[in-house]
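None of the figures in this text is laboratory data; all of them are computed from the coordinates on show. Since this is a predicted model, take the numbers as computed values, not measurements. With ideal geometry, Cβ positions are generated from the backbone for all residues, glycine too; neighbour counts draw on all protein chains shown.
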Amino acid sequence: MSCNLYLPMKLKIFAWKGQSNVLVPLHWMASASTDTITEGQSLNLSQTITSSNQVFELGLFDTVGTIYLGIWYKVEPKTVVWVANRDQPAADSSTKVTLRQGNLVILGNGFTYAVSKTSTTRKTIAVLLDSGNLVLRDGNATSDILWQSFDYPTDTMVPGMKLGTDKVTGKVWSLTAWENWQDPSRGILSLKLNPQRRDELVLTRGSKKYWSSGSWNGQIFPSLPEMKQNNMYNCSFVSTENMSYFTYSMHNTSIQSRLVINGTTEALQLLQREYEYVWSPLWSIPRDRCDDFTICGPFSSCMSYNRPYCKCFEGFTPLDSTSWGQGDTSRGCVRRTPLNCGQNGSLIIDGDRFLAMPNVVPPTNPVTISTTSSALCKALCLVNCSCYAYGYGDFGGCTWWNNDISNLTQLAGDDPNARRLYLRLAASEIRENQGDKKLVKIISAVTVSMLFLCLICFIYLRWTRRWKGKKKVTQDMPLFDVDMMSIAAHLTEHPANGKQKNSNWFPQFTLASTTSATDNFSQQNKLGEGGFGPVYKGVLPNGREVAVKQLSRQSSQGLQELRNETTLISSSTRILSESWGAA
């Protein structure tokens with residue numbers, strides 16, 4: 001079965017002194033040309049053994065005055081993958097490792113640590129394999145493995161190792177981070193098989209679950225979708241009557257790969273190709289804040305694209321409002337209204353309803369129910385008081401979530417990984433929620449209508465004001481302007497010299513232009529008053545000053561006299577003035 005653990009991402013370069021519990025400054029010494037330790041042979045701080053193809057090296061190393069027996073890659077930078085005595089270091093420079101009475105032992109000045117504990121009385125040999133596994137074999141039957149380092153992993157998993165549980169002996173194969181990059185003793189971060197389910201990997205910080213891979217689905221762990229992107233890796237999950245474990249191998253054995261957990265709260269899958277000496281991370285967990293199960297407590301959703309990250313489900317309120325307001329959301333939320341189902345030992349299902357929660361990544365490890373329709377899935381969940389949510393279709397059939405719902409992630413609407421979950425709530429919460437939504441719709445509709453009405457009113461008032469202004473100007477129009485078109489026509493048809501002239505023989509001005517030029521015939525611009533009526537000073541748009549003569553209704557002069565004067569002025573130039581047109 002093939003799987004891929006490759007994820008394109010920004011690569012990290014691991015400096016050999018800078019990466020937590022992966023690369024350490026050691027006193028590395030010359031290697032012996034063998035891969036085996038025999039009975040009576042010993043290795044000191046200056047001696048090592050190397051696997052047959054020069055892949056791994058085993059020996060004692062000194063870090064900050066403490067001495068450990070370890071295995072590391074035989075390439076630079078030297079990277080430790082296994083430590084025999086991580087919790088019981090030696091401190092004497094004369095420390096050595098040897099085979100004694102069939103077991104591998106670390107000896108120092110007043111110090112003894114048994115690396116292996118077998119009951120054999122026969123001679124044994126210790127062999128370092130190219131897989132990085134140190135095995136203890138019967139010296140006479142080299143195919144029999146009496147003990148192996150792969151059964152005692154530290155912080156690193158290499159191809160061929162297991163993460164899981166022996167159901168017969170109770171032995172657990174797990175990874176535990178170094179305390180820090182100089183101290184290989186046990187830290188607080190661990191990666192192991194979930195002891196309750198035994199089909200998922202969990203990352204824990206102390207006793208608290210920090211991350212979950214989700215249950216193995218036959219091909220991958222759901223929280224590690226990178227496992228199916230190419231065929232670099234061969235991943236397997238084995239579950240039998242006697243044991244359950246996850247393991248992987250490489251299709252191309254020239255590629256070196258390791259899964260390491262470190263004290264910076266990351267579990268990293270690292271890849272190294274042959275002749276390349278830089279470890280490049282392919283993926284890391286957790287990837288974002290929402291992968292951390294300790295961020296948001298029960299009945300709250302996590303949104304990595306939002307601040308704050310956590311939000312109570314609809315119908316729920318923070319368990320501790322004070323802590324929640326201060327940013328500690330780990331205690332989660334509680335129902336505002338208790339469910340009716342199960343109250344006083346009764347089965348009251350009519351009082352509960354389901355609220356759709358779209359665009360979510362549901363919690364891991366649902367209960368799978370065999371049903372043929374969404375309606376039946378819903379009905380079965382409704383009559384089961386421990387069923388707090390259900391999903392159908394998106395999850396490969398009918399799935400339930402019992403009791404507290406934790407570790408739910410809210411996604412953006414266009415995320416292809418989004419699913420729909422149906423959350424169980426008291427019926428009153430659903431009605432209130434629907435009422436709120438209806439109210440929002442009503443308010444939105446009223447608001448839009450009011451804005452549209454205001455726009456119509458604004459346009460109407462603006463048009464009305466303009467129309468009234470024009471009407472007022474027309475009503476105030478002087479007598480000579482009312483009949484100006486007839487004046488122009490008369491002057492054209494009956495010229496003074498009896499010859500027909502073009503109608504454009506002098507400029508015509510509109511009332512609006514003369515009103516503007518005289519500032520609406522203001523008293524300040526009034527120059528005087530003659531026989532026809534008042535005379536005003538005006539300024540044309542081009543800056544030229546003009547005198548505007550207005551025919552008054554009370555004038556003793558008539559319209560014909562005005563026509564005659566207009567004709568006279570238009571055909572001659574006075575001493576101080578000139579006719580520029582009529583309005």
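Would you compute, for the Cα atoms of region 334-427, the largest minus smallest coordinate along each principal axis and list the three values in descending order, in whole Å?
Cα extents, longest axis first: 42, 32, 20 Å.
Taking neighbour Cβ counts within 10 Å as the exposure measure, how do THR372, THR165 sort from fewest upward?
THR372, THR165
Kindly put MET303, MET450, MET157 in sequence by how many other C-beta atoms sit within 10 Å of each C-beta, fewest to most.
Details: MET303 17, MET450 10, MET157 26.
Least to most surrounded, the residues fall as MET450, MET303, MET157.
Grab the alpha carbons of region 23-152, take their convex hull, and tell me the volume per residue in Å³.
102
When LYS167, LYS78 are ordered from fewest to most other Cβ atoms inside 10 Å of their Cβ, what list results?
Ranking LYS167, LYS78 by Cβ neighbours within 10 Å, fewest first, gives LYS167, LYS78.
Could you work out how far the C-alpha centroid of region 32-85 sits from that of region 154-220, in angstrom?
25
Compute the FRET efficiency between LEU451 and ARG544 as 1/(1 + (r/R0)^6), taking r as their Cβ-Cβ distance and R0 = 51 Å, and round to the nearest 0.05.
Numbers: r = 48 Å, r/R0 = 0.94.
Working from the Cβ atoms, E equals 0.60.
Less than 14 Å Cβ to Cβ from THR121, Lys/Arg counted +1 and Asp/Glu -1: what total charge do the surrounding residues give?
With Lys, Arg at +1 and Asp, Glu at -1, the neighbours total +2.
Grab the beta carbon distance between TYR152 and GLN54, set R0 = 25 Å, and tell me the FRET efficiency rounded to 0.05.
About 0.55, to the nearest 0.05.
How far is it, in nm, from the label point at ASP166 to the one at ILE188 when both lie 7 Å from their Cα along the line to the Cβ?
Placing both labels 7 Å along Cα→Cβ, they lie 3.1 nm apart.
Kindly state, to the nearest 0.05, the FRET efficiency for SER93 paired with ASN180, given R0 = 22 Å and r defined as their beta-carbon distance.
Working: r = 23 Å, r/R0 = 1.04.
According to the calculation, E is roughly 0.45.
Given the Cα-Cα distance of SER236 and SER143 and 0.36 nm per residue of separation, how much length would full extension add, in nm?
31.0 nm
If each of GLN524 and SER304 carries a label point 7 Å out from its Cα toward its Cβ, how far apart are those two points in nm?
7.1
Output the peptides 289-301, 355-367, 112-124 sorted from most to least packed, where packing is the average of other Cβ atoms within 10 Å over each peptide's residues.
289-301, 355-367, 112-124
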